[in-house]
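Taken together, the values in this text are just the output of simple stated rules run on the coordinates, not laboratory data. Owing to the predicted nature of the structure, the values given are computational and were not obtained by experimental measurement. In this analysis, Cβ positions are derived from the backbone assuming ideal geometry, glycine residues included, and neighbour counts consider all displayed protein chains.
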Amino acid sequence: MALHAPVLVLKESLKRESGTKVHHANIQAAKAVADIIRTTLGPRSMLKMLLDAAGGIVVTNDGNCILRELDLAHPAAKSMIELSRTQDEEVGDGTTSVIVLAGEMLHVAQAFIDKNYHPTVICRAYTKALDDAIAVLDKIALPVDVDDRAAMLGLVKSSVGTKFTGQFGDFIADLAIDATTTAGVDLGQGMHEVDIKKYIKVEKVPGGQLEDSKVLKGVMINKDVVAPGKMRRKIVNPRIILLDCPLEYKKGENQTNAELMKEEDWEVMLQMEEEYIENLCAQILKFKPDLVITEKGLSDLTVHYLGKAGVSAIRRLRKTDNNRIAKACGAVIVNRPEELQESDVGTGAGLFEVKKIGDEFFAFIVDCKDPKACTVLLRGASKDVLNEVERNLQDAMSVARNILKNPKLLPGGGATELTVSATLKQKSSSVEGVEKWPYEAAALAFEAIPRTLLQNCGLNVIRTMTRLQGKHANGENIWIGIDGSSGDIVDMKERKIWDSYSVKAQTFKTAIEAACMLLRIDDIVSGIKKQASGASSAPKQPQIEQDGDADNEQMIPE
């Protein structure tokens, strides 16, 4: 048998790796990704500077943001990036922890793969460990009162504390809590829904200082009134009408030809256009508005009529902004002026004014009575700073939102992970059979988070970890953890270093499930893509001769 030619099943162009080789490659890749991000965990974290293809700079330590900018080749590494994205979309914080934890889970699994453990055994043990970990979280979670501002501040601060804006500590946290409590909608049954994307707009205006940033009780838009000289720029208690139809003469869909026999007919047509617009304005002015805002255009004539009546107008507003204004001042967006009713007029706003900030005009609709939408105005020295502050604010607002949704607390500073780790170590003695060892390893893997915190503080990792493990092993105080900025071992309750329950639970689930998924891969077949388009693969070699006829079809297959 040995002399027979080998049977080719796959095409020669395909590359196939299988077995332990793949496991090792995947684990290496995952660890590499985790190492990139590892230094951005905790309050003493470093920033990463990334140059994108266009030559723009991103300076950030938001795990998700860094990974989004990176261009990775290895498939396993790509799936790690998906993790932090999921985490960012689901709960908004803990993007770095997820990656670090998943990397560590795979790292400890490597030893078992070397000993020829079957991946499914390891996965089974991990899943068991995950269930127990979540059970521990449920046990040590504390309920939090959403209206207790100090507790909320502590929570949001521990999220922002690890970010660039940590030095402005309470400031960003305050902004985030103000914004989310404003835009929060009570769904009844103790459920809260906060739509950060739709109803909280972050306007970044370069210039000024960070301390000038504020949450407006209303909306700000980057627009001026249509005719600045004629229209009022400051109106107290304005009556606001929101439209999404054009206030100009309707043009025909495509070219319309009208044949005029008499010269006067031309004037009649113009007259009709004017009357049409006058009617439009009359329908609007019937409700005595002070401010008319439309998403579409306003013709000069409309401006004249509105200006004459002393009504300010703003045109071509974004749909999303219009929705926000509607939410803030209680108006209803109307599609046709004919259908206006008194109830559609928004009277909730206390003040409309146009201010010049930097070199642009902004219209403010503020001091609303019970706004359900708001704008966060961010000021800062440069664009990069503002972008980073905005990312931090997004995280902070997500944390505030999570607490509104699920008001439970866990200790921060690695204390949760240490508690979980200690509990799982004790439980591992009761696990039957082969799964015991991977289960114990998973317990150890949870210590990656406090360990990384220590590394980033620049402490003696081994000593401090041993002390922490000692404190947690006998289960005396589950709240002992690391104060990331000073590196002391302290009680998290006193230092007010909290994490929200939903972030932690999501982190653990995502990390372990991803680790299991990567461990289950035992075959990578690559090189399938190339043959798919036969046309484009042919003219690869004789590139040189085709210089003369560059106008040829060679350019097309993209």
Open item on the list: Treating segment 238-322 as a set of equal point scatterers at the Cα positions, no solvent, please give the Debye-formula log₁₀ I(q)/I(0) at q = 0.23, 0.24 Å⁻¹.
Closed with: -1.10, -1.17
Task: At 0.890 mPa s and 25 °C, Stokes D of segment 381-527 from Kirkwood alpha-carbon radius, µm² per second - done: 141
Open item on the list: Could you tell me the calculated FRET efficiency between H4 and D35, based on Cβ-Cβ distance and R0 = 56 angstrom, to the nearest 0.05?
Closed with: 0.75
Task: Paramagnetic reach from K204 (point 7 Å along Cα→Cβ, amide N under 20 Å) across segment 383-408 - done: 383-399
Open item on the list: Checking the table K372/K405; K48/K78; K31/K197; K78/K427; K327/K383 against a 23 Å threshold on Cα-Cα, which pairs fail?
Closed with: K31/K197; K78/K427; K327/K383
Open item on the list: Checking the a/c ratio against 1.5 first, then a/b against b/c, what shape does the Cα gyration tensor give for segment 364-404?
Closed with: oblate
Task: Cβ-Cβ FRET estimate between L47 and R68, R0 fixed at 22 Å, reported to 0.05 - done: 0.90
- [ ] Starting from the Cα of H24, step 7 Å along the direction of its Cβ; do the same at D147; then give the gap between the two resulting points in nm.
- [x] 6.2
Task: Percent RCO, i.e. relative contact order, over segment 349-490, from Cα pairs under 8 Å lying at least 6 residues apart - done: 18
Task: K319/D212 FRET efficiency (R0 30 Å; Cβ-Cβ; nearest 0.05) - done: 0.55
Task: Directionally averaged shadow of segment 1-79, computed from the convex hull of its alpha-carbon atoms, nm² - done: 8.3
- [ ] Provide the descending list of Cα extents for segment 77-181 along its principal axes, expressed in whole angstroms.
- [x] 54, 31, 21
- [ ] Report relative contact order for segment 251-338 in percent, whole number only (criteria: Cα-Cα under 8 Å, sequence separation at least 6).
- [x] 26
Open item on the list: Compute the orientation-averaged projected area for segment 240-290 from the convex hull of its Cα atoms and round it to one decimal in nm².
Closed with: 4.6
Task: Percentage relative contact order, segment 42-124, counting C-alpha pairs under 8 Å, at least six apart - done: 17
- [ ] May I ask you to list the GluC sites (Glu not before Pro) in segment 248-346 that are in a DSSP loop and have at most 11 other Cβ atoms within 10 Å of their Cβ?
- [x] E253, E259
- [ ] Just name one of A102, S84, I325: the one whose Cα is farthest towards the positive end of the charge dipole of the chain (beta-carbon charges, Lys/Arg +1, Asp/Glu -1).
- [x] A102
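Report the semi-axes of the equivalent ellipsoid for segment 297-337 in whole Å, largest first, where each axis is √(5λ) for an eigenvalue λ of the Cα gyration tensor. Kindly include the intermediate steps, with their values, before the conclusion.
Details: eigenvalues 93, 27, 18 Å².
Each semi-axis is the square root of five times an eigenvalue, giving 22, 12, 9 Å.
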Task: All Cα pairs of segment 385-434, percent lying beyond 17 Å - done: 62
Open item on the list: Taking 2.2 N^0.38 Å as the expected size of a compact globular protein, what ratio does the Cα radius of gyration of segment 1-154 give against it, to two decimals?
Closed with: 1.40
Task: Charge dipole magnitude, Cβ of K and R +1, D and E -1 - segment 1-91, Cα centre, debye nearest 20 - done: 380
- [ ] May I ask you to list the trypsin sites (Lys or Arg not before Pro) in segment 281-388 that are in a DSSP loop and have at most 15 other Cβ atoms within 10 Å of their Cβ?
- [x] K286, K296, R316, R318, K369
Task: Extended-chain gain in nm, criterion 0.36 nm per residue less alpha-carbon gap, T127 and T466 - done: 119.4 nm
Open item on the list: Suppose we keep just the DSSP beta bridges with both residues in the chain; what percent of those would be antiparallel, to 5?
Closed with: 70
Task: Stretch gain in nm, segment D300-Q283, where the contour uses 0.36 nm per residue and the Cα spacing is subtracted - done: 4.4 nm
TODO: Working from the alpha-carbon coordinates of segment 178-268, get Rg over Rh, Rh being the Kirkwood radius.
DONE: 1.20
Open item on the list: For a distance above 11 Å, tell me the whole-number percent of Cα pairs in segment 62-101 that qualify.
Closed with: 57
- [ ] Report, to two decimal places, the Cα Rg of segment 111-163 normalised by 2.2 N^0.38 Å (N = number of residues).
- [x] 1.88
- [ ] Please give the calculated 222 nm ellipticity per residue for the chain, where each DSSP H segment of at least 4 residues contributes -39500 (n - 2.57) and the sum is spread over every residue; nearest 500 deg cm²/dmol?
- [x] -14500 deg cm²/dmol
Task: Stretchable slack from L444 to H118, in nm (0.36 nm times residue separation minus alpha-carbon distance) - done: 115.4 nm
Open item on the list: Would you report the distance distribution of C-alpha pairs in segment 316-400 as whole percents per 10 angstrom bin, up to the bin with the largest distance?
Closed with: 14, 35, 35, 12, 3
Task: Cα-derived Rg over Rh, computed across the chain with Rh taken as Kirkwood radius - done: 1.10
